[in-house]
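What follows is a single structure, written as structure tokens, with notes after it.
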Ligand code: BDR
Ligand code: CA
């Protein structure tokens with residue numbers, strides 16, 4: 001039986017690749033819906049990008065919802081400097097023909113979790129955690145119904161990418177991340193410590209392009225665009241690929257290594273707001289609330305991604 005997942009996302013080139021990887025993996029994953037959130041760019045643009053990516057995947061059976069347009073308590077910070085003005089610069093994708101669902105994404109999350117037997121739905125979060133936190137605040141009864149949340153969020157050994165201390169998804173809405181981490185829902189955290197080792201080198205991108213299908217060409221164009229900024233920033237051979245690691249973890253957990261620890265979010269310090277304070281060395285007796293991944297097998301990841309993208313149109 002495939003795992004039921006809901007993807008909460010702010011696409012974003014790497015979010016788009018994550019959606020394509022999931023859409024191509026029908027035997028293992030049943031995508032119940034995609035919910036857009038404000039993050040890399042504003043909500044309307046992120047939602048449009050989600051529709052475009054669904055059409056690109058050929059999986060127009062997947063419903064797309066729009067959730068929150070701003071963080072719980074803060075002004076929205078976006079990242080056009082990384083992802084381009086559209087949030088998904090790189091390939092030329094047609095304007096979507098499919099439409100957004102009418103229901104608000106947060107209400108959809110609540111209704112869907114209430115209507116599904118407990119322990120069946122995994123939430124995959126690829127952006128700020130606003131939608132999930134709002135759903136948990138509005139309907140605390142859904143927490144025990146969520147199987148687990150696999151989130152691209154945080155960093156400890158690699159620290160931050162938007163400030164010296166904070167990773168982007170947590171920094172945009174630290175209060176939301178705090179709500180989710182305190183919810184008691186089982187959490188797998190895919191932080192920068194992993195994604196900074198999953199580098200989209202030219203050889204790997206060429207292999208994706210060489211698949212010869214529409215999806216492969218689009219992914220190569222997306223990642224060639226977004227990697228320019230990161231390559232200059234980090235001076236490495238390729239750019240980190242963040243969000244697809246969430247889906248790869250669900251498909252092949254053996255590609256990753258980590259440990260159960262406590263993670264708390266800094267929400268008050270001006271200097272370090274959004275920091276994921278990860279007790280990796282277990283120096284406190286705070287309860288373990290996260291499976292914190294620290295290592296990933298980059299070669300295994302790209303082999304999986306390339307093989308799956310070849311299944312798409
Ligand atoms: C995260 O920030 C976004 O820009 C990426 O899509 C990813 O989810 C990495 O910090
Ligand atoms: Ca993202």
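The values are calculated or read from the model by the stated rules, or taken from the named source; none is laboratory data. As the structure is a prediction and not an experimental result, all values here were calculated from the model. As a convention, Cβ positions derive from the backbone with ideal geometry for all residues, glycine included, and neighbour counts pool all protein chains shown.
Observations on the structure shown:
- Check on residue 193, in a helix (DSSP H, G or I), more than 16 Å from ligand 2 (Cβ to nearest atom), in contact (Cβ under 8 Å) with a residue 24 or more places away in the chain and surrounded by fewer than 19 Cβ atoms within 10 Å (Cβ to Cβ): no
- When we screen 53, 35, 41, 77 for residues that are in a helix (DSSP H, G or I) and either in contact with a strand residue (DSSP E or B) (Cβ under 9 Å, 6 or more places away or on another chain) or within 15 Å of ligand 1 (Cβ to nearest atom) (or both), the only hit is 53.
- When residues of segment 59-90 are limited to those that are surrounded by fewer than 16 Cβ atoms within 10 Å (Cβ to Cβ) and farther than 30 Å from residue 228 by Cα, the one nearest to ligand 2 (Cβ to nearest atom): 73
- For residue 157, the conditions (1) surrounded by fewer than 20 Cβ atoms within 10 Å (Cβ to Cβ); (2) closer than 24 Å to residue 263 by Cβ; (3) more than 16 Å from ligand 1 (Cβ to nearest atom) are fulfilled apart from (3).
Residues are listed down the side, and each one gets a yes or a no for (1) closer than 25 Å to residue 30 by Cα; (2) assigned to a helix (DSSP H, G or I); (3) in contact with a helix residue (DSSP H, G or I) (Cβ under 7 Å, 6 or more places away or on another chain):
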{"site": "204", "(1), (2), (3)": "no, yes, yes"}
{"site": "207", "(1), (2), (3)": "no, yes, yes"}
{"site": "211", "(1), (2), (3)": "yes, no, yes"}
{"site": "218", "(1), (2), (3)": "yes, yes, yes"}
{"site": "223", "(1), (2), (3)": "no, yes, yes"}
{"site": "226", "(1), (2), (3)": "no, yes, yes"}
{"site": "229", "(1), (2), (3)": "no, yes, yes"}
{"site": "233", "(1), (2), (3)": "no, yes, no"}
{"site": "246", "(1), (2), (3)": "yes, yes, yes"}
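- When 119, 160, 155 are checked against the criterion of being within 16 Å of ligand 2 (Cβ to nearest atom) and out of contact with any helix residue (DSSP H, G or I) (no Cβ under 6 Å at 6 or more places or on another chain), a single residue qualifies: 160.
- Of note, residue 106 does not satisfy the criterion of being part of a helix (DSSP H, G or I), crowded, with 16+ Cβ neighbours inside 10 Å, within 14 Å of ligand 2 (Cβ to nearest atom) and in contact (Cβ under 8 Å) with a residue 24 or more places away in the chain.
- Number of the condition not met by residue 93 [criteria: (1) surrounded by fewer than 24 Cβ atoms within 10 Å (Cβ to Cβ); (2) closer than 24 Å to residue 106 by Cβ; (3) away from ligand 2 (no atom under 14 Å from the Cβ)]: (2)
- Looking across segment 1-15 at every residue that is at pLDDT 95 or above and in a helix (DSSP H, G or I), the one that is farthest from ligand 2 (Cβ to nearest atom) is identified as 14.
- Selection of segment 16-41 for residues being within 14 Å of ligand 2 (Cβ to nearest atom) and more than 17 Å from residue 122 (Cα to Cα) yields 16, 17, 20, 37, 38, 39, 40, 41.
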